[in-house]
Structures are given as structure tokens and as C-alpha cells.
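Next up is a structure, given as C-alpha cells.
Every read-out reported here was derived from the displayed coordinates using simple, explicitly stated rules and does not represent laboratory data. In this text, all values refer to a predicted model and were calculated from it rather than measured experimentally. Counting neighbours? That spans all protein chains shown, and the Cβs are built from the backbone with ideal geometry, glycine included.
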Amino acid sequence: MEGESFLTSTTIRKKRKRRVIFWTATALVSALAIGTAVWLEARDSFLQAHYFSEFARGIDWQVQDGPDSDLWLPTSGPYSARLGYTQMKEIVPRLVAAGYDVKAQARQSDEFRSITGRGYYPIYREKTQAGLTLLDRNGKPIYDSRYPERQYASFEAIPPVLVDALLYVENRDLLDPEHSRRNPAVDWGRLSRAALGQTMRALDLEGGRAGGSTLATQIEKFRHSPGGRTRDADDKLRQMVSASLRAYQGGEETLAARKRIVLDYLNSVPLAGVAGYGEVIGLGDGLWAWYGRDFETANRLLSDPNSDPAARAEVFREALSLIVAQRRPSGLLLNSTQRLDSLTDSYLRLLSNDGGIPEALRDAALHTRLAPARRVSSGEAVSFVERKAVNDVRGTLGELLGVEDLYALDRFDLEARTTLDAEAQSGVTSFLGRLAETDYLRCAGFKAHRMLDRGDPAGVNYSFTLYEKAPLGNVLRVQADNLNQPLDINAGTKLDLGSSAKFRTLISYLNVIADLHQRYAELDTEGLDGVATKPSDRLSVWAISYLRGSKDRSLTPMLEAAMERRYSASPSETFFTGGGVHRFSNFKHEEDDKNPSVAEALEQSVNLAFIRIMRDIVHYYAYEAVDAPARALRESDENGGKEARQDFLNRFAEREGIGFLRTFWHKYRDVAPGERLDVLADSVPARQSTLAAVFLGVQPESDFDTFLAFMRQRLGSRAGTDAGLRRLYDNHATRNYDLSDQGYLARIHPLELWLVRHLHRYPNASLHDVVADSVDERREASRWLFASRFKHAQQVRIDIIVEVTAFESIAAEWRRLGYPFEHLVPSLATSIGSSADRPAALAELMGVVVNDGIRRPTVRIDQIRLAAETPFETRLERRYEPGARVLPAEIAQVARRALLRVVDSGTARRAKGAYLDDDDKPIPVGGKTGTGDHRYQVVGADGTVISSRVMNRAATFAFYIGERFYGVVTAFVPGAKAANYDFTSSLPVKILKELQPALQPLITGKAVAPGRCDETPQRLVESKQAEPAPKSRSKETDKTGD
């Protein structure tokens, strides 16, 4: 039995041993097979290629009509933020609210939305270069901001030595051609070493810090990871999966994708930023921004092994340094280059040792040092003159998108079609530039009286705008000026434009007539006879008389009849307006004895007629309109009249008090707190009583010694004895003087005294604080005005404030028609230009008239394309908006006919017949001229001018051409040098005429031959030499002034 047991046991042990060996061998074989499979997969990526390519095949999008409410848009990532994709969730609704409709938008596939829904990055062929593109109305590019500027167009364009250097530093096996399906997103060896090192460091063991990134995942990181950094393992996984899908979008073969990775990396790698240049992206811009290296020259040297060794080595060192620096660009590029030089040297040696570069290139590169140039600008400087319209459109686009920074806007992946006409824009810009050339000016007739016969032509600034009435609105066709500064003369200046204000005054006059028509046209003769009027209400008296005797009571005949009302042009009358007595004069003294109709006064720009027209308008708005503020002053009820007078006096006192405070505030705001008392003391007579009142009015709490020191310091021995000063001090201390008495004793306005006292107590008080804290003091300072014995003074001030309230109503009407400022100067002189204006605002008023009284939107951009050829593409178009009626059509039509007379036989007749239609017949041209000779004048009590100083000079012509086109042309000289010029509106009228060759193709579609003076400068000189001597100045030249 023991033998059997032993044999049995041995047999069992042998069987067990064989089983162990079998399973061990099986396990080893399986492990070897799995390991081999893993190794093969890591090397050849068969499974990855199949899986990722299958899934990537469905990631797609198509652009279809209409908006897509479910469009997925990125919310983070440097790349998407820079190109504007992250802002599109706000931008698109903003554009829709601003008058644009989404005409087409991308439709993303289910697979695309599935990937982004899981948190991976959007998969599509991303652009390495994008930026703002502006097109003219015909699709011609007028602005193209490409960012980065310098790029490799293809993989083949990259110098091989640069490819080798990049792969050696970052991803050595990336372009291995033996493994066509390799996943470029994962380098399993580097990833394993990185993971092991991170694990060891987590266990407080020494572990390596080698990175596991590939070029593909680095691109994902700096484009899409928040801040361009990898925060955790989830970020790394997101980068790897996204990069894998991107690599297999074209199928299982990835060699082409891997070459594209090299290309995209070099074109997209972030390289910190240079002050004055901005963020640096890509090797091309990096070489330029950091080293001042011309990209084309650098590539030529790197591509040619036989090029100059020293120059090639220097460029190679710079390029290699940027490749090395990308890991910590700010630390290595912004600070000293010593560390970067050292790292670059190390890689030069390693590259040479491993056969990456020739020893000769290594040695030559090691003998050079990095010398950053840090360029502060890119490309050639472009004249503001050439970019004026473009910059205006960029500003408009920024407002539409809610992007204030034009630097950021230029980097958006955005294309916009403007309404500008590039050919006309170029022609006008070129013409304005020629207005500084003496030979051209002489040839073209600009060297004439009231034009450019005086002053330096180069010192005149010009602005020109042209709009076209179109279905979308008033579209901008040309905007140009010759000012080589960012300032836009057309819309960014506040100018005295002289008689162009008569255009606005005419519209106000016609508006009053239309208002009277609405009130009384339906009344029969008996009803008209029952309307109570006063002789001072000239317009109502005339309207009732006209309606009583007219068979046709429609609005147009009444407006035409109102245009024939006559006003004296005599300058002999004085006018109480603007708070004082004024006299006015006509531009041409031969008009002084005339009595022109309203139409004639506009045609010949007669000042005094319009002063009297404005007086009637002011009276109507003050006393006669339905909501006239001064109607209550005419109430027969005594209590009502008193209440109205009291109300107007209160308004005057409030306005005057705040005005005084504002003046005094500006006087003292920049004075040191300790010096304000001295400045006030310098403003009063140097006498004992006045200086005592000043000091004790400002510092009533001061003791006698301080008072005594002040008086001695100001008056010396003239201050008197200590005893006398003590009596003066005690007298002020015991008497409770009110503010008015204090001001009287100090011989100074009481509010100035109060202000200095208030600032003594509250040195940092603002003007807002001062106004809020002075309510009682302002009333006290004006208390005298309400005494019954000052009837005349009260009436004068009531007349002033009534005029002010009337001009508030007129200003509201003007603003409704596009006037750009909140207030008008409350003076009849506003009718001849004392209230400033802007050329752009005049053009807007002309647009209302051209559009038969409808204020339509001004359109500069009619199409916008965001994120073109991406899964976020959105196309928007400006939608039709009817505009708002701000004038009866009849007023606009009558005004157009009146403006036509200005060109046919008035101050702008130089432009008559300048533009022809397709049948060579004159196109009707109308407009209004204006000359602003802005002066600082001191006026005496009787209204005469005591002194005058020139501040600037401007001349303008607001015009319309035919039924569709209108605009404004302006000449302007700022500052005291304006005294050297005497041009009038003859100059802008002449400019419009001479612009005909540049504008005619736009207006009629028919090109015209350039004029004789548009030839080359040499031909000009020859032509001028052949001319007969100029004739003497004609009378017509004199009469075209304004």
C-alpha cells in the first residue's frame, strides 16, 4: 500500500508540475502576445487608426439658410477667444438687435455635438491665420488684417534644417514614414516616463520631469486649454483625444496630418508678447518681433546650405532659441537672454552630436549671441488719410460687436462688406491730397479770391462725405479727409459752420408754418376771425391772413407762400438777445438796403433776414406754440401772471447762480488749497475794509492774531493800527452779515466768496458737491432780484430766460433732425452759426430732406460673416428699416426746391451743371453754403465789438446731387493761423465741382475723362506755361462767398 501511495503521489505531483508549466507558459505566451500587440499598437496604431478615423468621419458641419438656435460655440481657450468665437454668443444677438438678420449659419453634425458635449475640443481644420477683412460694396478688399502676418504656406516651404531641429527638441519620431497609421497625439514612451516621474514625485521620491506632450497635444493645449496650460490629468486626456480625432479626420493614414502638425505648430506657437507689438504668435512673427529678422530672408538662408555661413548660423540660432523658448516664453524671452543663450548652446551641441546639424553650422552658431530687437510695430506705417474711412468703419463695427479694442477686433475671424465705394474713395482721397500742390491749385483755379489766394494751402484741412439713398437706408459711399491724424473732421469736431445754420433755421421756420397750418387750416372764416393774435406774433398773424384769403388750404401752397414772405436785411437795428444788446451785419454790404423773401435770403445767404426769421421763430416757441413755456405770462388773471413771473425769475436765478458757480469753480479748482484765499484777495481792491471782508468771509472762525497777520501781509503799513484793525475785526464778529452783505463789503460776487469759504472747509469738494451744497446760498445771492422796486431788472431777466426756454424747444427739434449737441446758444445769432455744428450732422439733415422727411438709419456695413469656413460660421445681413418720419414730406420738398436755388443762382452757383446724367443733361444739384470765421470778441454795452481774436476758420457746403446722393464738403483751419486765410464757402463748392471725375462713375455708372489739371506734375507745368495770362477777378467770384 505504501508503494502504491508513493507512486500515486509522484504521479500527481508530475501532473501538477506539468499543469503549472503549461499555465505559466500559456501566461507568458499570452503576456508576450499582449505585450507584442500593445507594442505593435503603440508603434503602428492599427486599432486607434480604425476607431478614431471611423468616429472622425462623422464630425462635420454644413452652412444652411437661417439661424440655428442649437449652434454650439466655444466658451474658452486662447485661440477661440482671439478669433472671436467665444464672444459670438453675445455678438450675434447684439447684431440682431442692431438691425441685422442671420441669413445663414452652420449646422453641426450629431458626432460633432457629441464630441463637444463630452468636453472635448471642436474637431475641424483650424486656421493658422485669420483677421478682420473689410470689403467695399463691390467685394473689393479695402482692409485685410492677417494675424499672424508671417506664415509658412505649406510643409514643403519649411527649411528642412528647421523641421529637424523642431522634431529633435519636441517630437523626434513624428514623421517616421514606416508607420503610416501612427497616432501623432501620443508618444507612449515619453508618456510612460512622464507618468512614472509624476507618480514618484507624488510619493516624495526623486522622479524625472520629462514632459509627455507631443506637438499635436501641445497645439491643443495652447489653442484650447484654459490659459493655454495643462491643469490636470483630465486636461491631458482631453488634449490627447481631441488631437487624435483631428489627426484621423482624413482617414487611417496620418503622414499628411503629421506634416500638417509641424506646419501648424510653427505657424501657431505662442511666443509671449512685445511691448508696442502685442502678442507674438508663430515662428515667422517671432523672428520679426523678437529679433527684427525678415522672414523671407531668414528662410532663404536656412534653406540653402551654401549660403553665407555666418548669416545662416545667426538665423538658425535665433530660430532654435524660439523653439526652445516656447516652453517658458515669458521667462526666457522677456527677461535677460543669458538663460536662453545657454539652453540654445546646449541644444546646438546635442543636435550636432546626434547628426541633426553639420558641425560647421553648430560651431558658427555657437560663436554668435542672441540680440533681441523687439520690434514695436509690424509692417509699414499707413497714413491716417488713407485709412480714414476704414478706421471709421472699424469703429462702427467695434460698436456693433461690443468690442472697444481695435487691436482685438483686427484679430477676429470676421469679414464685413461695407457700403464704401473703393474707387470713389480712392479718387476723393487723392484729390484732397492734391489741394496742397501749388501748381495744381493754380491750374484748377483755386488760387482765386475767397479761396486759396492767401495762406499756405498745405495748412487747410478738408473733409468730404457722400451718402446714397438706398433701400437699406442712407449708405455711406465716401468718407475722406486730408488730416493725417486719428481725428475725424467730419464727425469728431465741433465747428462754427456759419451760414449752414440757415439751413436748420429754414427747417424750423417751415415747421412753425406747418404747425400753424395744422392748428388753423380746418377753421372756417368765422373761426379764423375769432382767433386772438398780437402784433408781435408775426407768424400767426400771417398764417391766419393767408388761410383767410386762400382757396387751396393744403400745406404745400402755404409753405411756398411762406417762402415768399419778406424780411428786412437792414443792419441798423439792435437786438436784445443772448443776455445783451447785439448788432449784426451782412456778408455783402450791398444787401443792407434789400428786403428779400425767405427763399431769396437763403439763396444769397443774407444774415439780417435770418436774424429776423429766428426772432419770429423764438417768439412762436416762447409764447404761441401749444406748449409754449411763456404763455402764462400773458394770462389776464393777475395772480396767474405773478406766479408765472415768479417762476421765470426763479429759473433765471437758478441758471445764473449755477453759471456763476461753474465759472468760479474753474477759477479755483487748480489752485492749491493754501493759496485760494490769496487769489481771492488779489481779485478785490487792496483796501482795509474789502480785505477784512474777504478774510472774515472765508475764515470767520479765525482769531484776531491770524486776521492781523493777514492784513499786515497784504497791506503792510497801510493796514493801519492794531487798535483800528481790532475794531474792524470786532465789528465783523458782532454783526451777523448775510451773504449778500458780505459780497457787497468785499466788492466781489457773493457766490465767489462763499465758494472759497466752502473750499476752505472742504478742499476736495467737486463741482457736483458745490452745486448741491449751495442751494440756499444761490437763493440768497439772487434775493435782491425779487424786490418789487426792480421791475426793469426783473423784466430783462424774464426776457432772457424766456429766450433760453424757447431755444431749449428749438434745440429739441434740431436734435430730432440729427443735431449733435444738447444745447444751442440762446441767441438769434444761432441762425447764422453761433451754435457749433458738425459736418456729419449737416449731412444727416440733408438726408432727411432727400428722404422726404424720413430720418433713415445710416448704414456703413451691410453684410457680416463670422468664423467663415468653420463649424461656427454665421452670415448676417442688414435688414430693411423704414425709418422715422421727423418732417412732413411737404417741408422736405419745399426745402429741396429752395436749396436748388442756392446752386442755380445763389452762393453755390459755381457747382451748377457740374454733374451730368446718362443723356449728358445736368443733374439737379442743391445745397447750402456756410463760412465760419470763429473769433473771440469783446463786445461793448452798446453791442459794438471792442476787440476780436481769430480762433479758427471753416467753410462748408452741404449738398444733394439728383434724387439719391447727398453729402458735405468742409475746409477748416484751426487756431490763430486761420487769420492768414480768407476763404469762404466758395472753396468747398469749387471742390465739389472739381470732384466730378472721381464721383461721376459712382453717380451715373459712366466714367469720364480726367480734367486737364489731373495730368502728371510735369505735364501740368508744361500746360501752365502755354496758358494765356490770367484775367482779372470777375464779379462772380466775389459773389460766391458766403
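Quote the Stokes-Einstein diffusion coefficient, in whole µm² s⁻¹, for the range 272-379, based on the Kirkwood radius over alpha carbon pairs, a temperature of 4 °C and a viscosity of 1.567 mPa s.
Translational D for this selection: 92 µm²/s.
Only bridges with both residues in the chain count here: give the DSSP antiparallel percent, nearest 5.
Bridges in the chain are about 95 percent antiparallel.
Under a cut-off of 29 Å between alpha-carbon atoms, report the lysines in cross-link reach of K594, not counting same-chain residues fewer than 8 places apart.
Within the straight-line cut-off, K594 pairs with K502, K534, K912, K928, K990, K1035, K1039.
Which lysines, on any chain, are close to K236 with Cα under 19 Å apart, when same-chain ones fewer than 8 places away are left out?
Cα-Cα hits under 19 Å: K221.
Take peptides 557-566, 149-158 and line them up by average Cβ neighbours within 10 Å, highest first, as a rough protection proxy. Present the calculation step by step, with values, prior to reporting the outcome.
Values: 557-566: 17.5, 149-158: 16.0.
Descending packing order for the listed peptides: 557-566, 149-158.
Can I ask one more? Over the C-alpha atoms of the range 426-476, what are the Rg and the largest Cα-to-Cα span, Dmax, in Å?
According to the Cα coordinates of the range 426-476, Rg and Dmax are 14.7, 44 Å.
Moving to a separate point now. Which value does Rg/Rh take for the chain over its C-alpha atoms, Rh per Kirkwood?
Working: Rg = 41.1 Å, Rh = 36.4 Å.
Across the chain, the Cα-based Rg/Rh ratio is 1.13.
Can you tell me, using C-alpha contacts under 8 Å and at least 6 residues apart, the relative contact order of the range 638-786 as a whole percent? Walk me through the numbers on the way to the answer.
Details: 124 pairs, mean separation 51.4, N = 149.
34 percent.
Just round it to a whole percent: the fraction of Cα-Cα distances in the range 474-575 exceeding 17 Å.
67
Same structure again: At a Cα cut-off below 18 Å, give the aspartates and glutamates reachable from K259, other chains included and same-chain residues fewer than 8 away excluded.
D44, E126, E156, D164, E170, D173, D176, E178, D187, E220
Could I get the Rg over Rh figure for the range 638-786? Both from C-alpha atoms, Rh via Kirkwood, rounded to two places.
Numbers: Rg = 17.1 Å, Rh = 16.5 Å.
That ratio equals 1.04.
Another one. Counting only residues 5 or more places away or on other chains, whose amide H sits under 5 Å from the amide H of A130 once H atoms are built in the peptide plane?
Y147
What length, rounded to one decimal in nm, is gained on full extension from S342 through to S76, with 0.36 nm per residue of separation minus their alpha-carbon distance?
92.2 nm
If you don't mind, another one. For the range 762-849, which chymotrypsin sites (Phe, Trp or Tyr not before Pro) are in a loop by DSSP, counting at most 16 other Cβ atoms within 10 Å? Let's see the in-between values first.
Numbers: sites: W784, F786, F790, F807, W814, F821; in loops: F790, F821.
Of the chymotrypsin sites (Phe, Trp or Tyr not before Pro), the ones in loops of the range 762-849 whose Cβ has at most 16 other Cβ atoms within 10 Å are F790, F821.
Packing-wise, with mean Cβ within 10 Å as the measure, how do 292-300, 63-71, 517-525 rank, highest first?
Order by mean packing, descending: 292-300, 517-525, 63-71.
Enter the Cα centre distance for the pair the range 682-734 and the range 466-496, rounded to the nearest angstrom.
One Cα centre to the other: 61 Å.
Sticking with this one: Please determine, in degrees from 0 to 90 and to the nearest 10, the orientation of helix 2-44 with respect to the longest principal axis defined by the Cα atoms of the chain, where the helix direction is its Cα long axis.
Between the helix axis and the principal axis of the chain, the angle is about 40 degrees.
Run the quick spin-label model on K642 and D776: label points 7 Å from Cα toward the beta carbon, then report their separation in nm to one decimal.
Taking the simple label geometry, K642 and D776 are separated by 2.7 nm.
Going by alpha carbons, how many degrees (0 to 90, nearest 10) lie between the helix axis of 791-816 and the longest principal axis of the chain?
40
OK, next. Fewest Cβ neighbours within 10 Å first, please rank Y668, Y966, Y79 accordingly.
Least to most surrounded, the residues fall as Y668, Y79, Y966.
Could you pull out every residue, at least 5 positions away or on a different chain, whose amide H is within less than 5 Å of the one on V280? Hs are placed 1.01 Å off N in the peptide plane, and Pro or chain starts have none.
Under 5 Å from the amide H of V280: L271, A272, G273, V274.
How long are the semi-axes of the equivalent ellipsoid of the range 826-866, taking √(5λ) for every eigenvalue λ of the Cα gyration tensor, in whole Å from largest down?
After scaling each eigenvalue by five and taking roots: 31, 14, 6 Å.
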